[in-house]
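Visitor: Please see the structure below; I have some questions.
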Ligand SMILES: C[S@@+](CC[C@H](N)C(=O)[O-])C[C@H]1O[C@@H](n2cnc3c(N)ncnc32)[C@H](O)[C@@H]1O
């Protein structure tokens, strides 16, 4: 069956955050408020396909990991009927998403429940697309390494095979600026999720990450504050499909403009601190590549010495006060620390944070032991405790009103 949907995929339990971010971006970038999405599980939103919304999502959204254009859906239970249905759909598809002479690659995901192996599914989907296009007089080749279009086939919640174009051409979490990273870097899209969950408002909040490692949270905050395009360089190949010809921004030469360019006056105040010099060297290099040098103040410090007066002085230098702010971080969660060490460390972190009266705090803590110790030792009741995994580790986002 031919379908036409925009699929926005992220970390489980982040649907609300992704929908909120995309709504704000779409209003600003393409002057439209997206319709209410259908939720497919806890980390996937499905909208009616609209090239303007799709372009805005790929170009500016920071919280998803993938944005895809769903083209075909098949409930066929085996390879042969899958091939037949898909080849017929492609042959009868007037959308022209592949041009004569272009190449595709095909990958699969979440196909364990299908009655064939991954390689066989990849081969069948490739053949059906190549043969279906040939019936329309469009020659398509296969190039796994540098395709014009990256096709993905995956089973949806109902067990049907969805064939889609991966519009971002890979993981959207990788922005291209983080080449230096420390021992446990936070994935970039998760930093953006934390900023949304912490309700970061760059006009009102000073932002401090006192355990910033390679700088992911401060750098994402600086980029989010100006609505910067997600990629440092290059246009994802999916956006060169003819469907995007109607989007003026998609045809513009050069990098897309930021959504919230500096207006003059005081800009955001962002501080990244860590006790490891090596981490700060990496963070500064990453900030340079991200184009936010000078927008983050980096400090070498132990979190136990985090001082509101120092932060107020940094804000004053930038022409801002520090009455409101957000301490946002993913602290160490136990690689080299046992439960007793974690208790002492999280207690000291809580003591330091409570000096920031009137501010908010937000922390991603992963791992069962760390979560228990954090909640017990931080010293305040969380206003928000939201399940949120960090990679394979189950965890929580804890949000606090600091007082
Ligand atoms: C989980 S990592 C943070 C990763 C970071 N968000 C990133 O994306 O790279 C925790 C960081 O806390 C820092 N750290 C550990 N103990 C600290 C302390 N007492 N004071 C300040 N930083 C500390 C470590 O050096 C490490 O960089």
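The values are calculated or read from the model by the stated rules, or taken from the named source; none is laboratory data. From a predicted model like this one, the values you see are computed outputs, not experimental measurements. No Cβ is skipped: glycine too gets one built from the backbone with ideal geometry, and neighbour counts run over all protein chains shown.
Visitor: Kindly evaluate residue 134 against the criterion of being surrounded by 13 or more Cβ atoms within 10 Å (Cβ to Cβ), over 29 Å from the mean Cα position of the chain (by Cα) and closer than 27 Å to residue 171 by Cβ.
Guide: no
Visitor: To continue, here is another question. Only one residue in 256, 268 is touching a residue at least 24 places away in the same chain (Cβ under 8 Å), on the phi < 0 side of the Ramachandran plot and not assigned by TED's automatic domain parsing to the domain that holds residue 195. Which one?
Guide: Unique residue meeting the criteria: 256.
Visitor: Now, a different point. For the range 306-347, give me each residue that is surrounded by fewer than 17 Cβ atoms within 10 Å (Cβ to Cβ), more than 16 Å from residue 367 (Cα to Cα) and within 11 Å of the ligand (Cβ to nearest atom).
Guide: 344
Visitor: Looking at (1) touching a helix residue (DSSP H, G or I) at 6+ places or on another chain (Cβ under 7 Å); (2) free of Cβ contacts under 8 Å to residues at least 40 places away in the same chain, which is the one condition that is false for residue 327?
Guide: The number of the failed condition is (2).
Visitor: Return a yes/no flag: does the range 257-267 have any residue that is surrounded by fewer than 21 Cβ atoms within 10 Å (Cβ to Cβ), in contact with a helix residue (DSSP H, G or I) (Cβ under 9 Å, 6 or more places away or on another chain) and not in a loop (DSSP other than H, G, I, E, B).
Guide: Checking the range 257-267: not a single residue is surrounded by fewer than 21 Cβ atoms within 10 Å (Cβ to Cβ), in contact with a helix residue (DSSP H, G or I) (Cβ under 9 Å, 6 or more places away or on another chain) and not in a loop (DSSP other than H, G, I, E, B).
Visitor: Under the condition of being in a loop (DSSP other than H, G, I, E, B) and within 14 Å of the ligand (Cβ to nearest atom), which residue from the range 189-219 is surrounded by the fewest Cβ atoms within 10 Å (Cβ to Cβ)?
Guide: It comes out as 211.
Visitor: Checking the conditions here, which among 348, 383 is at pLDDT 95 or above, under 30 Å from residue 321 (Cβ atoms) and over 29 Å from the mean Cα position of the chain (by Cα)?
Guide: 348
Visitor: Among what's in the range 159-178 and is over 24 Å from residue 365 (Cα atoms) and out of contact with any strand residue (DSSP E or B) (no Cβ under 9 Å at 6 or more places or on another chain), pick the residue that is farthest from the ligand (Cβ to nearest atom).
Guide: Ranking the candidates gives 159 first.
Visitor: Of 183, 222, 228, 285, which residue is within 15 Å of the ligand (Cβ to nearest atom), closer than 26 Å to residue 322 by Cβ, within 22 Å of the chain's Cα centre (by Cα) and not assigned by TED's automatic domain parsing to the domain that holds residue 148?
Guide: 222
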